[in-house]
Every structure is written in C-alpha cells, then in structure tokens.
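As structure tokens, the structure follows; a few thoughts come after it.
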Amino acid sequence: MKRILAIVVLVFILLTLLHFLYTAFTGGSKESLLAHLFLLMIVPAVFYVLQWVTNLIRRE
C-alpha cells in the first residue's frame, strides 16, 4: 500500500512540476505559480507525515 501511494505522490509531484514550468514559461498569473509552489511543498510533507503515522500505528 505504501509503495502504491509513493508512486501516486511522485507522479502527482512530477505533473505539478511540469505544469508549474509550463505556466512559468507561458506567462501565467502569479497566483497560479504560487499555488503550484504551495503544492510542491505541501504534498511531500503530508506524504512524509502519513508514512510516519502509519509507522507509529504498526508498532503498537
């Protein structure tokens, strides 16, 4: 389950990064660029916390 979730998160990060670059080079709005940067920072952090919590649950 963790492996599938990791692959999904990596694909999401890759697609977000590609869309961020496309938006940056085509002259997108500042709000759109900030939203992409927010997603690129928050999604890995949430994934890390999710892995940490599932690790704590499994130990008990």
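The values are calculated or read from the model by the stated rules, or taken from the named source; none is laboratory data. Please read these numbers as outputs of a predicted model, since none were measured by experiment. Here Cβ is always computed from backbone atoms with ideal geometry, including for glycine, and neighbour counts include all displayed protein chains. Side chains are part of the model used for accessible areas, which takes the heavy atoms of the whole protein and leaves out ligands, DNA and RNA. Shrake-Rupley method; radii C 1.70, N 1.55, O 1.52, S 1.80 Å.
Below are the figures for this structure:
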| read-out | value |
| --- | --- |
| Pairs where the first residue, in segment 29-53, is without any contact (Cβ under 8 Å) to a residue 60 or more places away in the chain and the second is of a type in the set (S, T, N, Q) and in a helix (DSSP H, G or I), C-beta under 9 Å, 6+ apart | Ser29/Thr23; Ser32/Thr23; Leu33/Thr23; His36/Thr16; His36/Thr23; Leu39/Thr16; Leu40/Thr16; Val43/Thr16 |
| Condition met for Ile4 (open to solvent by 70 Å² or more (accessible area, probe 1.4 Å) and free of Cβ contacts under 8 Å to residues at least 40 places away in the same chain) | yes |
| Leu21 free of Cβ contacts under 8 Å to residues at least 12 places away in the same chain, surrounded by 11 or more Cβ atoms within 10 Å (Cβ to Cβ) and part of a helix (DSSP H, G or I) | yes |
| Of the criteria (1) surrounded by fewer than 10 Cβ atoms within 10 Å (Cβ to Cβ); (2) within 18 Å of the chain's Cα centre (by Cα), which one Ile57 fails | (2) |
| Members of segment 24-43 found to be of a type outside the set (Val, Ile, Thr), open to solvent by 50 Å² or more (accessible area, probe 1.4 Å) and within 10 Å of the chain's Cα centre (by Cα), listed by number | Leu37, Phe38, Leu39, Met41 |
| Scan of segment 16-43 for residues that are among the aliphatic types (A, V, I, L, M), out of contact with any Ser or Thr (no Cβ under 7 Å at 6 or more places or on another chain) and farther than 30 Å from Arg58 by Cβ, ordered by number | Leu17, Leu18, Leu21, Ala24, Leu34, Ala35, Leu37 |
